[in-house]
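Chemist: My questions will all concern the structure given below.
The values are calculated or read from the model by the stated rules, or taken from the named source; none is laboratory data. Note that the coordinates shown come from a computational prediction; the quantities given were computed from them, not determined experimentally. In this analysis, Cβ positions are derived from the backbone assuming ideal geometry, glycine residues included, and neighbour counts consider all displayed protein chains. Ligands, DNA and RNA are excluded from the accessible area calculation, which covers all protein heavy atoms including side chains. Shrake-Rupley method; radii C 1.70, N 1.55, O 1.52, S 1.80 Å.
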Amino acid sequence: MAGPTEDQNPVLEIDGTLINQTNNNNNDSNSSSNSKGKEKAVVLVGEENSQNQSDREMASIHRSGSRPQLDLSKAAIQGNFEEKDPTILLPNQSDDISHLALDIGGSLIKLVYFSRHEDRPIDDKRKKTIKQRLGISNGNRRSYPILGGRLHFVKFETAKINECLDFIYSKQLHRGGMDSRHWNPEAPANNDIVIKKATGGGAYKYTDLFKERLGVSLDKEDEMDCLVAGANFLLKAIRHEAFTHMEGHKEFVQIDHNDLFPYLLVNVGSGVSMIKVDGDGKFERVSGTNVGGGTYWGLGRLLTKCKSFDELLELSQRGDNRTIDMLVGDIYGGMDYSKIGLSASTIASSFGKAISDKKELEDYRPEDISLSLLRMISYNIGQIAYLNALRFGLKRIFFGGFFIRGHAYTMDTISFAVHFWSKGEAQAMFLRHEGFLGALGAFMSYEKHGLDDLMVHQLVERFPMGAPYTGGKIHGPPLGDLNEKISWMEKFVLKGTEITAPVPMAPPGTTGLGGFEVPSSKGGTLRSDASALNIGVLHLVPTLDVFPLLADPKTYEPNTIDLADHSELEYWFTVLSEHLPDLVDKAVASEGGTDDAKRRGEAFAHAFSAHLARLMEEPAAYGKLGLANLLELREECLREFQFHDAYRSIKQRENEASLAVLPDLLMELDSMSEETRLLTLIEGVLAANIFDWGSRACVDLYHKGTIIEIYRMSRNKMQRPWRVDDFDAFKERMLGSGQRKPHPHKRALLFVDNSGADIVLGMLPLARELLRRGTEVVLVANSLPALNDVTAMELPDIVAEAAKHCDILRRAAEAGGLLVDAMTNTLDGFKGSPPSVPLMVVENGCGSPCIDLRQVSSELAAAAKDADLIILEGMGRALHTNFNAQFKCEALKLAMVKNQRLAEKLIKGNIYDCVCRYEPAR
């Protein structure tokens, strides 16, 4: 590869991040000794070297001694330049861009590691044109690159440390991860690799073992620094991280980032530390107690002979502390001591009955001892925590540490203590990643990751089937690859477990995983490790933004269905379960019905059913649960088993059938008066929205006629007034009244839904009408496939085909950069036509039937800045989510309801009712 001239600024693209590699200086502490910053290289990924500099998108990245960066000197493409994703060789890249941090405790090893996204964005012409037109730059966020990727949370028993070492080695995490092959796949092992480590009982104990097995050194980080850094990051970055837990009820707390500090962090490990946190890096250990998890485990082991902490915790689930604890009622003849606010069931003295009972240790049930001990220590921690919060005037108390372990009874006991002593003025709050604070803080000490700058909208949590489990407990290390995952699912099913597809609906109080009772505050049978599946993978996506047209992002809630209602939850779980066999059939057929596809399809069905069963048992296990989250979980589970577009062939057939009749529809529309045409267009959108493979009602319709027959039938049945009918208000805004002619909209964002008739016969004609009136139109489509929704990658081809039959669409598509090279010959006849307002396509940043406008693509956020009209179309985008959303600009929400329960709940109507909701600008 030829070297650059002195005035060139080489560009390297890694995972979609463009880096302007200028001449480095010797102040870069992370350049290797081989380069000294003197070498420069030109690597143009996907571009010819002769392309003009102005055609390339630049993102100037300034190196900083405090922000170590990738060493790009002597970078080159390894192998064939014509490959789709050729490996980039970085021969001088040091190994200090680590992807791993550890916290080795006395009982558990907590591991946090980072992996880059496997799929690289395709630099298609649509993206390039959109970025130029909307002024999107890859370098406008920060002065150093953040590579998109995933942050994983894994735990191992310390006694099984060899499993942890095997896992690290199998993924090469100690050498930067498996994807380090993109840096230098032939580099020899570096014997001076250092892994950041927080602290714990294994701080020094396992140093030699790590050196012997992996050739790495453990760099001990300060425990308090890591705990606070980890907690601050989670509370700022994860939307549903903190929650309260009272009387068995979990409720997530949304915290204003500007009002986070100060707070009290109570870390409950073997002992307890209480830390007053005043800001990032600003904290003070103000108190603590030596009565903590170690006390519970130590005394419990002596008194019950349990072999592990979890065994002791499980034992407490079957206990009755009243046989050992002296209660207020025991002292006052079963009465309350109401004068000082003590109920008869309040513990007056832990283990107090053992004084008067003439019993020996063997006369007491181990279950009762364990529960009494747990209550004693939990109450003590809660009380001391509140007293320290009172001392400093703190209202928020966050509890972390693996003593809690997501255990409902422990959290209830701590919460009761804080509530009791504060008279309800203070709240105990818990963290979903409670045990990973130290490891996460250690990971963040690698400043090059830049995680401290990521915001909540740039992190997306997913819940893959990451490790073998039964009843919520992890068995063995995380699964290494897809084949291992499928093999384990097959073995799991052969064992005759309750995880089947579809999920058997369990009555309230039981689970779908074997009949454990739902956690309650009454003791009983509680899960000892509810955290087994509630820690997901954090996807770091720096290109996500908050939709700028939301009237108030802080109060915005996308979900309209409240799944906190058990009957509502059970209904939708049943719907998803019944739809599952059909979905599996479509997914397998999309890949030719091969044996491999069938095997993956069965594994997907069992995995998704397992997720549903877990959520049926504990709806808040994965965070705040809405219908949108359920639908997204299904799509993510499909992708996990490598079904990337289950409806691909169906979408193609429906697009072709719809495009065939589009010319006749456009001629029909052009023959109408302006007012009639506008009504017909809205009717057409509503009629075409019936084509939704996510709806059982729609699936039944497909067996009764062709796509065109169903569309015509639906249009013929359009009769006003609709269930929600604001058409007259929208018509007045579009056409005016009397002599008043309204100004056209500047830019309209059309959130499109399904492939086939929905987009071709519904939304494209409506877009055409807006273009005719001089309004720029942006079609907003999914980034990834979901059911039969159209994607941003598919939409330009559909528009190009439609444009062959319509000059308005053709000129607008050309202005918006949507016409492909193959069409240039067909355009010669209108090169002299007047310029048109553009028709553009942007991706929305999601791969779900619904959309959360707190996390949209930077493309969409940029397009929204000049928009004054939003049209949300379809059940997922306009009803399941965003029906109650309020915007700064005008909004039109269009959908046909294809679910009876949704119709009753949301609009008090019936199936196939229509919604046309117009909202003026706020």
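Chemist: Using a Förster distance of 25 angstrom, determine the FRET efficiency expected from the C-beta separation of residue 348 and residue 423, and round it to 0.05.
Modeler: Working from the Cβ atoms, E equals 0.80.
Chemist: Can you give the charge dipole size of region 349-409 about its Cα centre, rounded to the nearest 20 debye, using +1 on the beta carbon of Lys and Arg and -1 on the beta carbon of Asp and Glu?
Modeler: 480 debye
Chemist: Still on this structure, I have one more. Once phi is turned into θ = phi - 60°, what whole-Hz ³J(HN,Hα) does the Karplus curve with 6.51, -1.76 and 1.60 give for every residue of region 205-214, x standing for Gly and Pro?
Modeler: Per-residue couplings from phi come out as 4, 10, 4, 5, 5, 5, 5, 5, 7, 10 Hz.
Chemist: In the structure displayed, which of 307/358; 554/624; 155/205; 236/624; 236/423; 554/905 lie more than 23 Å apart, Cα to Cα?
Modeler: Over 23 Å apart, Cα to Cα: 307/358; 236/423; 554/905.
Chemist: Could you give me the ³J(HN,Hα) list for region 599-609, computed from phi with Karplus coefficients 6.51, -1.76, 1.60 and θ = phi - 60°, whole Hz, x at Gly and Pro?
Modeler: Ordered by residue, 3J(HN,Hα) equals 5, 5, x, 5, 5, 4, 4, 5, 5, 5, 4 Hz.
Chemist: How far apart, in nm, are the 7 Å Cα→Cβ label points at residue 365 and residue 307?
Modeler: 2.3 nm
Chemist: In addition: For an R0 of 41 angstrom, estimate the FRET efficiency from the Cβ-Cβ distance between residue 922 and residue 331 and round to the nearest 0.05. Intermediate values should be presented prior to the final figure.
Modeler: Working: r = 61 Å, r/R0 = 1.49.
Step by step, r from the Cβ atoms, then E = 0.10.
Chemist: If you count only protein heavy atoms with a 1.4 Å probe, what accessible area per residue comes out for region 196-309, rounded to a whole Å²?
Modeler: With all protein chains present, region 196-309 gives 45 Å² per residue.
Chemist: Here is a further query. Residue 657: net charge of surrounding residues, Cβ under 14 Å, Lys/Arg +1, Asp/Glu -1, itself excluded?
Modeler: Here the count lands on -3.
Chemist: A follow-up question, please. Roughly how far apart, in whole Å, are the Cα centres of region 727-770 and region 647-678?
Modeler: Using only Cα atoms, the two centres lie 15 Å from each other.
Chemist: Taking a probe of 1.4 Å, how large is the accessible area per residue of region 376-449, in Å²?
Modeler: Per residue, region 376-449 has an accessible area of 30 Å².
Chemist: Next question. Could you work out how far apart the two model spin labels at residue 356 and residue 290 are, taking each label as a point 7 Å from the Cα in the direction of the beta carbon, and quote it in nm?
Modeler: Rounded to a tenth, the inter-label distance reads 3.2 nm.
Chemist: Another question, if that's okay. May I ask you to compute the full-extension gain from residue 644 to residue 740, defined as 0.36 nm times their residue separation minus their alpha-carbon distance, rounded to one decimal in nm?
Modeler: 29.5 nm
Chemist: Based on the Cβ-Cβ distance from residue 865 to residue 387, what FRET efficiency comes out when R0 is 51 Å, to the nearest 0.05? Working shown, then result.
Modeler: Numbers: r = 51 Å, r/R0 = 0.99.
With a Förster radius of 51 Å, E is 0.50.
Chemist: For a quick protection proxy, order the peptides 677-689, 426-438 by their average other-Cβ count within 10 Å, most packed first.
Modeler: 426-438, 677-689
Chemist: Hey, another quick one. How much solvent-accessible surface does residue 419 expose, in Å² to the nearest 10, with a 1.4 Å probe and all protein chains in place?
Modeler: 90 Å²
Chemist: So, one more: Provide the per-residue ³J(HN,Hα) series for region 384-390, in order, calculated from phi with Karplus coefficients 6.51, -1.76, 1.60 and θ = phi - 60°, each as a whole number of Hz, with x at glycine and proline positions.
Modeler: 5, 4, 4, 4, 6, 5, 4
Chemist: Given an 8 Å cut-off on Cα distances and at least 6 residues of separation, report the relative contact order of region 335-457 as a percent.
Modeler: Averaging sequence separation for qualifying contacts and normalising by length gives 20 percent for region 335-457.
Chemist: When only the heavy atoms of the protein chains count and the probe is 1.4 Å, how do 286, 841 rank by accessible area, highest first? Mind dumping the intermediate values first?
Modeler: On the way: 286 20, 841 0 Å².
Solvent-accessible surface, decreasing: 286, 841.
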